[in-house]
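This report refers to the structure that appears directly beneath it.
The values are calculated or read from the model by the stated rules, or taken from the named source; none is laboratory data. From a predicted model like this one, the values you see are computed outputs, not experimental measurements. A quick note on method: Cβ atoms are made from the backbone with ideal geometry, for glycine too, and the neighbour counts reach across all protein chains shown. Just so you know, the surface numbers come from the protein's heavy atoms only, side chains and all, with ligands and any DNA or RNA stripped out. Shrake-Rupley method; radii C 1.70, N 1.55, O 1.52, S 1.80 Å.
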Amino acid sequence: MLGDRRFDLTHRALVMGILNRTPDSFYDRGATFALDDLVRRAGTLVEDGADLLDIGGVKAGPGPAVEEPEELDRVIPAIEAVVARFDIPVSVDTWRASVAYAVGAVVGNDISGFADPEYLSVAAAAGATVVATHIRLGPRIPDPEPVYDDVVEAVRTFLLDRVARARAAGLPTDRIVVDAGLDLGKTADQSLTLLRASDRLAALGCPLLLSASNKTFLGVVLDLAIGERREASLAATALGAALGCRIMRVHDVAAHRQVCAVMGAISAARRPVGVPGVDR
């Protein structure tokens, strides 16, 4: 559920378009920090077929401090402007409960794993959806050499705990989304391992969000600069969709929409009765 909209995710993956109202985003370096630029970009993402838009006012990685009033000043006008112009669900990328549902957003995308003790109760009261994301330390904290005994099991256990907390706060299962948190306290190899294990995380019973678009782990694997990771991002989305990811958080909506459409058609295809299971 996204607000009052229900989606059948049996085969379909939703495409979440990224909108950064930050001057220091790792990807666009502030290209949509100005409100007019963000609204224009939102229009492009909607035209390209986004199912929802994710608006953030603070980047995940280390950087200058952004206090709550400044984050509100960035996020509230952006959400108001997008909600007023486009008939599309809006997610807010924040770990502060005071920001998450201040105005218009129907999804709280929290990369901290609900570190704010008020986050879930506020979400439940608002009838909102939450995204529970695994992170080892916390947002904005450098974590260059993370160590796990078993990264998949660690993430799985963490997400099960966050789902349980969300349910205890009164959130129904259809309003809880989980995210492995690729690049968030993970090396490139650990992120690859988690992507490969998406089917295990999808089996937790909540929609699995994949945020792999232009991420560092893709650049490390292929020695690619940020602006050179488009095809690698599309490959990650295709694999994620095949393994059960059902929300794709991306920069290039049009291309990822096509990938998701093809993967959805493949998933929905049914082999005729009596046809052997080996094809050439």
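For (1) touching a helix residue (DSSP H, G or I) at 6+ places or on another chain (Cβ under 8 Å); (2) at positive phi; (3) at pLDDT 95 or above; (4) not aromatic (Phe, Trp, Tyr), each residue gets a yes or a no:
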residue	(1), (2), (3), (4)
Ala115	no, no, yes, yes
Val131	no, no, yes, yes
Ile135	no, no, yes, yes
Asp150	no, no, yes, yes
Leu160	no, no, yes, yes
Gly170	yes, yes, yes, yes
Leu182	yes, no, yes, yes
Thr187	yes, no, yes, yes
| said: Considering only residues that are farther than 23 Å from Val15 by Cα and either loosely packed, with under 15 Cβ neighbours inside 10 Å or aliphatic (A, V, I, L, M) (or both), which ones fall in region 68-91? | reply: Glu68, Pro69, Glu70, Leu72, Asp73
| field | Matching residues, region 7-34, being among the aromatic types (Phe, Trp, Tyr) and under 19 Å from Ala50 (Cα atoms) | value | Phe7, Tyr27
| note | Over region 1-45, the set of residues among the β-branched types (Val, Ile, Thr), assigned to a helix (DSSP H, G or I) and open to solvent by less than 50 Å² (accessible area, probe 1.4 Å) is Val39
| What residue, of Ala261, Ala269, Ala232, Ala238, is modelled with pLDDT of 95 or more, open to solvent by 10 Å² or more (accessible area, probe 1.4 Å) and more than 21 Å from Leu194 (Cα to Cα)? | Ala261
| task | Starting from residues that are part of a loop (DSSP other than H, G, I, E, B) and among the charged types (D, E, K, R), keep the ones in region 148-189 and report whichever is most open to solvent (accessible area, probe 1.4 Å). | result | Asp149
